[in-house]
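**Student:** The structure's right below; bear with me while I get my questions together.
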Amino acid sequence: MADLLPPLKPIAIKERLSILFIEKGHLDVLDGAFVVVDKSGVRTHIPVGGVACLMLEPVHGLPMLLWRWPRGGHTAGVGGRSGGAFVFVRSAGGARADRLLYQAKLALDDTLRLKVVRKMYAMRFGEVPPERRSVEQLRGIEGARVRETYKLIAKKYGVEWKARNYDTSEWDKADLPNRCLSSATSCLYGVTEAAVLAAGYAPAVGFIHTGKPLSFVYDVADIYKFETVVPVAFKIAATSPRNPEQQVRIACRDVFRESRLLERIIPGIEEMLSAGEIAPPVAHEEAVLPLFPMQKG
């Protein structure tokens, strides 16, 4: 009878629930799975193997909890009223040496890096970037277009917009549109980081963004930001809800599903990196294979 069962394998990132947010309750690990216990003692098991990103309010004893994290190949987000700040959690089968070397080679070579940045620009704005521009110049052009896009989307939803300005340490001092945007982009960054790790790339090795733990996550997320979470943020801000952060998280969950975002991120990464026009390095003979090797269809 056992031979009739399919072999165990992780759930593909594109088939997982994008985000699951836990605001209140006692969180623990029981029998290799996360369990949330509410104030009345009711236990709810969390199917972490089917979730791409788990977002939590500040948790007492979090380091010990993460040490006991069930190995499921996903990312934990540790947030608060600011909508979520993400920390690295080990990912089963995640970082692969061949993909890391490929990504690093593209990022360290100025010519190859510029090719990838130009591709990112084209994917984001739907047009070929200006010729003979450096990465710094393209970054400046991109920044100007982003500021203008914020204004246009805010005007579309009738939201008064000044500028993108926020401080996560002083959350309540930010205006409503900025709070909604911060909550929305936090959801997007968490889902994107989960996809980056699942594909075997390094979140810190970026091309447009550099020098930050999530530089590559920001690079990839920016491709999809203005078609997914930014309109959601301004739409929620226009209604002035009592709990805007909660409403933004729910709306982001829906737009991720409707846009099939988790199905698009990894192919998108492959497309932007292929602009470097180099073949991924062949693994050395002594290289250790991934924990969960890809099965050919």
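Throughout, read-outs are computed from the coordinates displayed, never taken from laboratory work. Since the structure is predicted, the reported quantities are computational estimates derived from the model, not experimental observations. We place every Cβ from the backbone using ideal geometry, glycine too, and count neighbours over all the protein chains shown.
**Student:** Starting from 0.36 nm per residue, how many nanometres of slack lie between Lys151 and Gln246 once their C-alpha separation is accounted for?
**Tutor:** Between Lys151 and Gln246, full extension yields 31.8 nm more.
**Student:** Pop the C-beta distance of Ser134 and Asp98 into the FRET formula with R0 = 25 Å and round what comes out to the nearest 0.05.
**Tutor:** 0.25
**Student:** OK, next. Arranged from highest to lowest average of other beta-carbon atoms within 10 Å per residue, in what order do the peptides 248-255, 38-45, 177-184, 149-156 appear?
**Tutor:** 177-184, 248-255, 149-156, 38-45
**Student:** On a straight-distance basis, which aspartates and glutamates could pair with Lys173 in a cross-link, Cα separation under 15 angstrom, same-chain partners fewer than 8 positions away excluded?
**Tutor:** Partners within reach: Glu245.
**Student:** Please identify the trypsin sites (Lys or Arg not before Pro) of the stretch 204-244 that satisfy two criteria: DSSP loop assignment and at most 12 other Cβ atoms within 10 Å. Which are they?
**Tutor:** Loop-located and lightly packed - Arg242.
**Student:** Between Thr239 and Ile141, what FRET efficiency follows from the Cβ-Cβ distance if R0 is 35 Å, with the result rounded to 0.05?
**Tutor:** Step by step, r from the Cβ atoms, then E = 0.55.
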